[in-house]
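**Student:** Below is the structure I would like to discuss, written out as structure tokens.
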Amino acid sequence: MRLQNKVAIVTGAASGFGAAIARTYVAHGAKVAIADINEAGAQALATELGASAIAVRCDVTKKADIEALVAATVKAFGTLDIVVNNAGTTHKNQPLLEVDEATFDRVYAVNVKSIYYMTFATLPILRAKKSGVILNVGSVAGIRPRPGLTWYNSSKGAVNIMSKSLAAELGPDNIRVNAICPVMGATGLLEAFMGMPDTPENRKKFIATVPMGRLSEPEDIANAALFLASDEAAFISGVEFPVDGARTV
């Protein structure tokens with residue numbers, strides 16, 4: 001039980017990477033607030049996980065929603081130890097001048113500004129405890145970008161460097177911050193990332209660029225999130241942690 005008695009918030013947790021992280025955390029002893037704009041999906045997962053989980057509807061682009069999420073978590077479980085900023089979005093893989101301003105703003109609001117809001121809402125709690133873990137789900141796109149996803153790539157580059165800077169500033173408070181950087185996985189965003197229909201042929205083209213020969217799976221990301229949140233990673237902070245089958249090498 002590597003997270004026994006720990007309390008975590010996981011955003012974007014109704015499906016995909018976030019749901020796998022929530023399940024893994026509960027399996028290892030944590031209590032988890034499952035936050036998602038998809039309230040029904042979040043509630044279904046909380047029901048599955050039982051008394052160790054609550055569901056909270058949360059639009060991470062709204063400061064009031066983030067603050068309400070943190071308050072609900074503390075009310076339900078008494079404290080907060082781990083924050084996983086997993087919620088994310090993208091634009092379609094396409095030439096950069098074809099991405100309109102509203103889409104650009106949405107990508108940055110979900111991927112970047114949400115972490116700003118979450119930091120303001122949770123840092124006073126973590127500082128008072130003189131401990132805590134913040135995990136931001138960045139991307140290999142912020143390490144080794146490719147054409148077609150320029151604005152998404154740059155948002156994840158911001159997440160990656162933000163995580164490093166937070167780690168440097170919050171280290172004296174005994175708060176660790178790391179970025180998990182997945183390669184593309186079979187999530188709801190897959191077709192947008194590829195910029196083409198999700199067919200076996202199109203998947204094969206992308207998989208050919210991954211040395212280990214497959215997409216990432218939610219369990220891959222969840223296992224990384226488990227390790228980085230656990231005491232086994234007590235002196236690991238400020239890293240970009242690729243979970244990518246050597247894609248970024």
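The values are calculated or read from the model by the stated rules, or taken from the named source; none is laboratory data. Quick caveat, the model's predicted, so the values are computed rather than measured. Using ideal geometry, Cβ is built from the backbone for each residue, glycine included, and neighbour counts are taken over all protein chains shown.
**Student:** If you go through segment 83-122, how many residues are in a helix (DSSP H, G or I) and buried (at least 19 other Cβ atoms within 10 Å of the Cβ)?
**Tutor:** Of the residues in segment 83-122, 11 are in a helix (DSSP H, G or I) and buried (at least 19 other Cβ atoms within 10 Å of the Cβ).
**Student:** Given (1) free of Cβ contacts under 8 Å to residues at least 40 places away in the same chain; (2) surrounded by 17 or more Cβ atoms within 10 Å (Cβ to Cβ), identify the lone condition not met by R214.
**Tutor:** (2)
**Student:** A follow-up question, please. Looking only at segment 22-39, count every residue that is more than 20 Å from S114 (Cβ to Cβ) and in contact (Cβ under 8 Å) with a residue 12 or more places away in the chain and tell me the total.
**Tutor:** 7
**Student:** If only one of G245, G185 is of a type in the set (G, A, S) and either more than 27 Å from D105 (Cβ to Cβ) or out of contact with any strand residue (DSSP E or B) (no Cβ under 9 Å at 6 or more places or on another chain) (or both), which one is it?
**Tutor:** Result: G245 is the single residue among G245, G185 that is of a type in the set (G, A, S) and either more than 27 Å from D105 (Cβ to Cβ) or out of contact with any strand residue (DSSP E or B) (no Cβ under 9 Å at 6 or more places or on another chain) (or both).
**Student:** Is there a residue being farther than 14 Å from F17 by Cα, under 19 Å from the mean Cα position of the chain (by Cα), crowded, with 16+ Cβ neighbours inside 10 Å and acidic (D, E) anywhere in segment 217-226?
**Tutor:** no
**Student:** Out of the residues in segment 1-40 that are part of a helix (DSSP H, G or I), touching a strand residue (DSSP E or B) at 6+ places or on another chain (Cβ under 8 Å) and of a type outside the set (A, V, I, L, M, F, W, C), which is modelled with the lowest pLDDT?
**Tutor:** Once the filter is applied, the top-ranked residue is G16.
**Student:** For segment 51-82, how many residues are outside any strand (DSSP E or B), small (G, A, S) and in contact (Cβ under 8 Å) with a residue 24 or more places away in the chain?
**Tutor:** 4
**Student:** Write out, first by first residue and then by second, each pair whose Cβ atoms fall under 7 Å of each other, whose residues are 6+ apart or on separate chains, and whose first residue, in segment 218-240, is outside any loop (DSSP other than H, G, I, E, B) while the second is small (G, A, S) and surrounded by fewer than 16 Cβ atoms within 10 Å (Cβ to Cβ).
**Tutor:** As it stands, the answer is none, since no pair meets every condition given.
**Student:** May I pose another question? Only one of A40, A8, A22 is of a type outside the set (S, T, Y) and either surrounded by fewer than 21 Cβ atoms within 10 Å (Cβ to Cβ) or more than 17 Å from the chain's Cα centre (by Cα) (or both); which?
**Tutor:** Answer to the selection: A40.
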